[in-house]
Amino acid sequence: MPHKPFKAVIPAAGLGTRFLPATKAMPKEMLPVVDKPAIQYVVEEAVESGIQDVLIIIGRNKNNIANHFDSVPELETTLERKGDIDRLAKVKHSSDLADIHMVRQGEPRGLGHAVWRAKAHVGDHPFAVLLGDDLIDERDPLLPKMLAEYDRRGAAVVALMEVDPEQIHLYGAAAVEATDDPDVVKVTGLVEKPNVDEAPSNLAVIGRYVLPPEVFEILERTEPGKGGEIQLTDALQELATATAEGVYGVIFRGRRYDTGDRLDYIKAIVQLAADREDLGPQLRPWLQEFAATL
Ligand code: UTP
């Protein structure tokens, strides 16, 4: 039987300690990337992939996120009065984008716990998880391929990306076997943040997942793992090794920006602004001059 349209879950309740003090009173998902908060790119990606129902898992400082996706009548009226149609459209766009819901995580007990909090909203259906600080460049779409693989295989799908082996300790790492599609692998095991000598490969799990509802039962009994947090990777390891369907990985070879990391955040802003029609023509020559001084 075909399942209902996919819903998207965006966890945005982490503490964002790598970005303190900027994230003391603001979630890292609200940090601007050029002129939009990171999380808006992620909601736009879900919508572009055909998903209309979006659940954001919020933590402390929740109002920032809720306010961003609400309409602001005073601001709209002022822009209308000034005849500033472009900015009015931008302001309205974020509130008209999708059907956005919020659930609180309570305490930041880990990504697995944040995803588990989506259970009541998602119900007994497969769903997509998009991390709110992980940007996939819109020119290199990833989620549509993952949704199609879920439909084809009826199994959980994670996004994998080759990283420098020295960086694998920052990610979940996957042990994999080839399939008939060079962009898809079968995941035979997963380890959260392994040391380089213990990593099964240099294929890192990045922030996109398409999951079956069975993951909620597993998360419910998943004990805290690495860092004392309830890890989504541990629940995926169980799906990969103890269920008939298993887990598949779609290998991503496009542009991705981890905006929760300071250096990657700066690179994301420079790269995206340099590519934009409104900012690029002025920014690119300046960047060249600046680089020559280094
Ligand atoms: P991260 O590990 O990148 O987030 O979690 P963090 O803990 O906020 O980051 P640092 O290391 O302290 O800087 C990956 C994703 O999971 C969410 C985060 O918001 C991020 O999108 N998350 C993490 C939650 O929603 N709840 C949690 O308890 C933990």
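Throughout, read-outs are computed from the coordinates displayed, never taken from laboratory work. Remember, predicted model here, so these are calculated numbers, not experimental data. All Cβ positions, glycine included, derive from the backbone under ideal geometry; neighbour counts span all protein chains shown.
Numbers below:
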| item | result |
| --- | --- |
| Failed item, numbered, when Gly14 is tested on (1) more than 9 Å from the ligand (Cβ to nearest atom); (2) surrounded by 15 or more Cβ atoms within 10 Å (Cβ to Cβ) | (1) |
| Any pair with Cβ under 8 angstrom, 6 or more apart, that starts in region 107-124 at a residue that is in contact (Cβ under 8 Å) with a residue 60 or more places away in the chain and closer than 20 Å to Pro5 by Cα and ends at one that is of a type outside the set (Val, Ile, Thr) and within 6 Å of the ligand (Cβ to nearest atom) | Val115/Pro11; Arg117/Gln105 |
| Condition broken by Ala128, with the remaining ones in (1) of a type outside the set (Asp, Glu); (2) within 16 Å of the ligand (Cβ to nearest atom); (3) surrounded by 22 or more Cβ atoms within 10 Å (Cβ to Cβ); (4) in a helix (DSSP H, G or I) satisfied | (4) |
| Residue that is farthest from the ligand (Cβ to nearest atom), among those in region 131-164 that are under 18 Å from Thr243 (Cβ atoms) and not in a helix (DSSP H, G or I) | Gly154 |
| Criterion: surrounded by fewer than 18 Cβ atoms within 10 Å (Cβ to Cβ), over 21 Å from Leu31 (Cα atoms), of a type in the set (D, E, K, R) and touching a Lys or Arg at 6+ places or on another chain (Cβ under 7 Å) - qualifying residue of Asp140, Asp86, Asp53, Asp99 | Asp140 |
| Subset tally (residues that are free of Cβ contacts under 8 Å to residues at least 60 places away in the same chain and among the polar types (S, T, N, Q)) for region 205-242 | 2 |
